[in-house]
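The values are calculated or read from the model by the stated rules, or taken from the named source; none is laboratory data. Since this is a predicted model, take the numbers as computed values, not measurements. Note that we place each Cβ from the backbone using ideal geometry, even for glycine, and neighbour counts take in every protein chain shown. Only protein heavy atoms, including side chains, enter the accessible area calculation; ligands, DNA and RNA are left aside. Shrake-Rupley method; radii C 1.70, N 1.55, O 1.52, S 1.80 Å.
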Amino acid sequence: MQPFRTHTGTALPLDRSDVDTDQIVPAEYLKRIERTGFGPFLFAEWRKDPAFVLNDPRYEGATILLAGANFGSGSSREHAVWALEDQGFRVVIAPSFGDIFRTNCTKVGLLPVQLPATTVRALMDAGYVENVADLYDRDKLNEMKLLALEGFAEKSAKQLIAAIEASKGHPLSTVLFALGPRHVGFQVARLLARPFITMERLAKAGPEEMGAVHGVGPIIADAVAGFFREPRNRQLIARLATLGVNLTEPHAAPGGPLAGQTFVLTGTLPGLSRARAQELIEQAGGRVVSNVSKKTTAVVAGSDPGSKLERARQLGVETIDEAELLRRVGRGP
């Protein structure tokens, strides 16, 4: 699992235990060759019931799934994780997980969080937060309300509120990712945030303008433009702005120390999350890509680096560690 700094989003409570992978995505929908497009099949049998929680408009765009014990048990099919990811979930919180399901989550960047059953139950039952803006509204969520929940003490309540307040300063790309427009992962959120810089400009852009951004394309552009056309989404964004959430993206000044250079990140860095490392590279004028090629300037490698490090060695591409990266961006000795 890559390091994960903060994620805020709407939480959908799936109050069921022992949900297996066949219930997450039934076997009849496994004929696709691609790993994308499984979102419509997520909990396919249960979704036939209009009262099923995933059909509740209050949870539309949810990016956090609260589930019961032993979530993801059963077969080893990766399609279950792909379906959750394609639906827009970034985090799954449960008292326990199927071992193979947990491993599959870490391969695609879906974060499995194991919490005591009492804490998960308290989060499901409290009803304090119905959308991401409620996290920043101290009338909706505050230390006193958290202390009323089982599993929260004064210190943990203070820490949670402090972490939420600190997240107000995250860049536009992080906010866009958390809002969960369809097909928008963290990398796509960055691609969209960089050229438009502000949420206002992005929201006003049409699908043609968004689709012209390299790496976005018409399908994603149509989905994002549709997201901004929804009045409830525009109201949510306006409320986030009123509550002091940053809705701008920092952009690198031309001629930074890494201008024109391309980097690949692999493995777990000791002190930086992947998102933070990418942010530092981009602020210094560099670019982060997924695949190693002869044009790659360097591969930044941490522990458990995987095949990208071997590929760099085969191509003769330089490999550096976190300390060297920090030195190059002007943050180290």
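Observations
- Taking the numbered list (1) open to solvent by 20 Å² or more (accessible area, probe 1.4 Å); (2) assigned to a helix (DSSP H, G or I); (3) farther than 25 Å from Leu12 by Cα in turn, Ala238 passes all entries but (3).
- Matching residues in the range 168-190 - criterion: being crowded, with 20+ Cβ neighbours inside 10 Å and in a helix (DSSP H, G or I): Leu172, Ser173, Thr174, Val175, Leu176, Phe177, Ala178, Leu179, Val188, Ala189, Arg190
- Every test in (1) under 17 Å from the mean Cα position of the chain (by Cα); (2) open to solvent by 20 Å² or more (accessible area, probe 1.4 Å); (3) among the small types (Gly, Ala, Ser) is passed by Ala259 save one, and that test is (1).
- Arg138 touching a residue at least 60 places away in the same chain (Cβ under 8 Å), open to solvent by 50 Å² or more (accessible area, probe 1.4 Å) and among the basic types (Lys, Arg): no
- Set side by side, the residues Pro231, Pro250, Pro270 differ, and just one is open to solvent by 20 Å² or more (accessible area, probe 1.4 Å), over 23 Å from the mean Cα position of the chain (by Cα) and of a type outside the set (A, V, I, L, M), which is Pro231.
- Verdict on Gly271 being in contact with a helix residue (DSSP H, G or I) (Cβ under 7 Å, 6 or more places away or on another chain), in a loop (DSSP other than H, G, I, E, B) and not charged (D, E, K, R): yes
- Subset of the range 191-222 [in contact (Cβ under 8 Å) with a residue 40 or more places away in the chain and open to solvent by 50 Å² or more (accessible area, probe 1.4 Å)]: Arg194, Glu200
- Selection count, the range 141-155, where residues are at pLDDT 80 or above and surrounded by fewer than 14 Cβ atoms within 10 Å (Cβ to Cβ): 7
- Failed item in (1) part of a helix (DSSP H, G or I); (2) surrounded by 19 or more Cβ atoms within 10 Å (Cβ to Cβ); (3) within 19 Å of the chain's Cα centre (by Cα), with Leu265 passing the rest: (1)
- For the range 60-85, a tally of residues being within 23 Å of Arg234 (Cα to Cα) and crowded, with 19+ Cβ neighbours inside 10 Å returns 4.
- Residue match in the range 224-231 (condition: part of a loop (DSSP other than H, G, I, E, B) and over 25 Å from Pro57 (Cβ atoms)): no
- Of all residues in the range 210-233, those being farther than 25 Å from Gly37 by Cβ and modelled with pLDDT under 90 number 1.
- Residue within the range 242-251 that is assigned to a helix (DSSP H, G or I) and either at pLDDT 90 or above or hydroxyl-bearing (Ser, Thr, Tyr) (or both) present: yes
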